[in-house]
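The values are calculated or read from the model by the stated rules, or taken from the named source; none is laboratory data. Note that the structure is predicted; figures quoted are calculated from it, not measured. All Cβ positions, glycine included, derive from the backbone under ideal geometry; neighbour counts span all protein chains shown.
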Amino acid sequence: MLWYTLRRIAYILPILVGVSIVCFSFVHLAPGDPMTAVMPDFASPELIAQIKGAYGFDRPLPIQYFRWLGAVLSGDLGMSTRTARPVLDELLPAVLNTAQLAVAGVVISLVLGIGLGVWAAYTRRLAADRAITSAAIVGVSVPPYWVGMVLVAIFAVTLGLLPAMGMAPPDNGGFGLDDVRFMVLPALTLAMIPTGIIARSVRATVMDVRKQEFVQTLYANGLSRRRIFLHVIKNAAPSVLAIMGLQVAQLLGGSILVETVFAWPGTGYLLNNAIATRDLPLLQGTILVLAIFFVMMNFLVDLAQPFLDPRIKRQ
Amino acid sequence: MPSSFQKKSPSFRSANLQSRTADAGGTVAADALQRRLFLKLMLAGAGSLAWPYRLGHAQTKETVLRVGMTLSDIPLTTGQADGGAEGVRLINRSLYDALLSWDLSRADRPSGLIPNLAESWSVDDTQKVWRFKLRRGVKYHDGSLFTAHDVVWNFDKLIKPEAPQYDRSQARNAANWLVMVSGARAVDDFTLEITTKEPAGTLLYDLVNICMSSPRQWEKLGRDWKKFAFEPSGTGPWKLASLVPRNRAELVRNSEYWNKKQIPQTNRMVLRPMPDATTRVAALLSGQVDFVEALPPDAVPQVKASGMQVYTNVYPHIWPYMLNHMPDSPFKDIRIRKAANLAIDRDKLVKLLRGLAVPAKGMVIPDHPWFGKPTFNIKYDPDAARKLLAEAGYGPKNPVKVKFLMSTAGSGQMQPLSMNEFIQENMRDVGIDVSLESMDWEALRSRRMAGAHSPLNKGIHGINYSLTIQYPIFGIVGQTFHGKNRVAGYNWGNFADPDADELAAKSLREFDIDAQNKRIGELHAYLVDQAIWIFVVHDMNPLGLASHLKGFVQAQSWFQDLTRIRIE
């Protein structure tokens, strides 16, 4: 297990270096000068030079990269060019806001995705299976942006049951029912695609496992259906876990579209702002943190796999 | 509790119960009783979440004005807001005061300058030294008294990098307004002198944007502008109660505001960033906000049909194509510039925009004091356009080929895609073959700042970039600056004309407002006669207000007075 873990860590290091290079360099490919986005038209050349120097934009790109990387390794993601606040101060509340939404989305998508997937697998080619499979395809195919607007139109505008956008006011004394109400529509929207993907992969995997000989043997040995069901789920778990890991990581990474539609101040919303205002330090910092998070989630899934399937450890 | 969830629940439950009989390879063992219990719990939970949102918020006694902003973040709250006109409108004008202000009390005329923290002013014989008599008895939110020394301190905050209170962010946001200022001096506690680098008759328009932050509060907070942003102190009609970046700002009424006529009529104002237009409309229709900016034209009928109020008014905005006047541009020829102006069916374009625009006759509307008396009548006349093109050597078989830059969205750009495509068709009809290159707003802004002469803009003959005409330099006078006097972004196409230069210089040396308006009108008329741009439409600034808001007056301005709104 130790060798397995070390090997996984060895895979991660070059990925992280690659991620840092991509994060830094790609944002410079976007058209438009990062300074024109924040400088007024009549700014004097001295002021422009002063602000460019303060952010290090007057240096060659490779030097900018190594300075940025050095600062990142010491925990400093730089300063936002638009707000002049530290990127970390901008990012942390956004990560927490996205995490709230993501946890709700994860719960919805796991419960619904696994439940519906198993149900479909056990009702193969019957009406329930066809309905679930069709719903899963719709869930994966329909743009969440559109789904969000439809949900808002029905539940917020027409029925007036739930808020249309934003988070609950911060002064309502801890996390409560009001916070949940604000979360319902964006969380449902966010969970649509992962629910569809998880449901389809769970259905396929469970059906695949059920066809295997050991399941027939268990039936032949007279095990109860409940016990056989548990064996099937256990054998289906490793491949489902890998897909779920990716989906959960994506949810925690935030969704630009969903967070923008619901004006939810999370990482997706932050990224959208950073792109629109050419706030390069904020953009680089946010992408880097999210990419690292994604890599680490996959690493954790890789580590969890051998516990569910000892064959991976032996390989 | 009755809810839509519960009404639908029987069919949902029966569908679940029926499904358990379907099984190809065995069923998942499930107890129908347990499932019913589970469903009941689920429905009860959903029902409690779905307690009508509007009802819950209608019970508060405090009057709260909730505003849906178009910005994606709360603008900087330290004194010089970012976020363009909206930052000034909602933060600067709420928390702070400047020496002068805009008269926003009338909807039927363009808003002009009025005294504010400065009660009167004069300029000396050199025309470079201005003396201001300041208002007495004005207090900051922290209780300290406003004096001339504070104005000097605030100018140093913006123009003196060696001053301890110098703030790079605020200096950046205020840079537009400090070009002419060389320094400020307190003659006594309530007399101030401002010196300009050269005679600048338009200085008062700059000062309207320089806001006064409290030096005492800054000292109290350990000379830290970041802390000041969360606990600001100005002299404005509202005080900041709380700030959650990118989420909300809550402002409370300043009951001791010096201008008793502008003490807010509501107890509290909440600002919510909502950059997505659909989100703003949904928030208004669902009762989550009471006032939204920049209603999209398509949403106006629905907003009206739901009993909400839609306000529109002209304001100093122009949606033009700034033209390339460089020697290799077809628009160097005034006949082609005029033909392009005559090719557009603006009335149809306004219909396309559901009436939320006004056909342009120049940079400003004809009622504006800066309009003057142009002789070139901008209208739809395709025959005249074809004739001018023929005189210039072009025709249907030999069209003028030009390329314009446009954005996909952006501040004041209205509906850029459909508008540009409509105009492209109009131009093709008379013999101007327009190709469009679209990009996002900030990329377009970069291209504008670079100017037509930049290698970045090689082969580009026009840029569709909307502009404020609220200030003389921004809107009109700056469009003539060229050569070493050119300011980034203004006079994009390098228009250079000695007659225009002379008229611009006269405007800047005029210190009486009426006489200055006349001079600017002469310059504007000349620029229209030269067809310096393709003038298309002025936006009507549609605002959505909940039906219970009363007392709002939509001024002909980029700024609005929200203090007079009351909730009934």
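A quick yes/no check of all residues on (1) touching a Phe, Trp or Tyr at 6+ places or on another chain (Cβ under 8 Å); (2) of a type in the set (D, E, K, R); (3) more than 7 Å from chain A (Cβ to nearest Cβ); (4) buried (at least 24 other Cβ atoms within 10 Å of the Cβ):
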| site | (1), (2), (3), (4) |
| --- | --- |
| B:Arg253 | yes, yes, yes, no |
| B:Trp258 | no, no, yes, no |
| B:Gln262 | no, no, yes, no |
| B:Gln265 | no, no, yes, no |
| B:Arg268 | no, yes, yes, no |
| B:Thr278 | no, no, no, no |
| B:Val289 | no, no, yes, yes |
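When segment B:294-310 is filtered for residues that are assigned to a helix (DSSP H, G or I) and loosely packed, with under 12 Cβ neighbours inside 10 Å, the ones remaining, listed by number, are B:Pro301, B:Ala305.
Once segment A:133-150 is narrowed to residues that are of a type outside the set (Ser, Thr, Tyr) and facing another protein chain (nearest Cβ under 10 Å), the residue that is surrounded by the fewest Cβ atoms within 10 Å (Cβ to Cβ) is A:Met149. Any idea which of B:Ala505, B:Ala500 is of a type outside the set (Ser, Thr, Tyr) and surrounded by fewer than 16 Cβ atoms within 10 Å (Cβ to Cβ)? Answer to the check: B:Ala505.
In summary, helices (runs of 4 or more DSSP H) completely within segment B:449-568 and bearing 3 or more residues that are in contact with a Lys or Arg (Cβ under 8 Å, 6 or more places away or on another chain) and more than 14 Å from chain A (Cβ to nearest Cβ) occur at B:498-508, B:513-529. Checked against the criterion of being assigned to a loop (DSSP other than H, G, I, E, B), in the same structural domain as A:Ala102 (by TED's automatic domain parsing) and buried (at least 16 other Cβ atoms within 10 Å of the Cβ), segment A:168-177 has at least one qualifying residue. The set of residues from segment A:283-309 being part of a helix (DSSP H, G or I) and within 12 Å of A:Ala237 (Cα to Cα) comprises A:Val301, A:Ala304, A:Gln305, A:Pro306, A:Phe307, A:Leu308.
Condition first: more than 14 Å from chain B (Cβ to nearest Cβ), touching a residue at least 12 places away in the same chain (Cβ under 8 Å) and touching a Gly at 6+ places or on another chain (Cβ under 6 Å). Can you find one or more residues in segment A:259-278 that meet it? No, segment A:259-278 has no match at all.
Okay, residues lined up against (1) within 20 Å of the chain's Cα centre (by Cα); (2) among the polar types (S, T, N, Q):
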| site | (1), (2) |
| --- | --- |
| B:Gln415 | yes, yes |
| B:Asn420 | no, yes |
| B:Ile423 | no, no |
| B:Val434 | no, no |
| B:Leu444 | yes, no |
| B:Asn457 | no, yes |
| B:Tyr465 | yes, no |
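Candidates in segment B:45-69 are the residues that are of a type in the set (Val, Ile, Thr) and modelled with pLDDT of 90 or more; of these, the one that is surrounded by the most Cβ atoms within 10 Å (Cβ to Cβ) is B:Val67. Among the residues of segment B:79-91, the one identified as within 14 Å of B:Leu207 (Cβ to Cβ) and either free of Cβ contacts under 8 Å to residues at least 40 places away in the same chain or under 13 Å from the mean Cα position of the chain (by Cα) (or both) is B:Val88.
Exactly one residue among A:Thr81, A:Thr36 is in contact with a Ser or Thr (Cβ under 9 Å, 6 or more places away or on another chain) and facing chain B (nearest Cβ under 9 Å), and that residue is A:Thr36.
Do we find that A:Leu47 is within 30 Å of B:Lys227 (Cβ to Cβ) and within 14 Å of chain B (Cβ to nearest Cβ) in this structure? Answer is yes for this residue.
Identify, by number, the condition in (1) free of Cβ contacts under 8 Å to residues at least 40 places away in the same chain; (2) closer than 26 Å to A:Lys234 by Cα; (3) part of a helix (DSSP H, G or I) that A:Arg125 doesn't meet. Answer for A:Arg125: the failing condition is (3). Filtering segment B:326-344 to residues that are out of contact with any helix residue (DSSP H, G or I) (no Cβ under 6 Å at 6 or more places or on another chain) and either outside any helix (DSSP H, G or I) or charged (D, E, K, R) (or both) leaves B:Met326, B:Pro327, B:Asp328, B:Ser329, B:Lys332, B:Asp333. Tell me, yes or no, whether segment B:120-137 has at least one residue that is surrounded by 19 or more Cβ atoms within 10 Å (Cβ to Cβ) and among the small types (Gly, Ala, Ser). The answer is no, given that none of the residues of segment B:120-137 is surrounded by 19 or more Cβ atoms within 10 Å (Cβ to Cβ) and among the small types (Gly, Ala, Ser).
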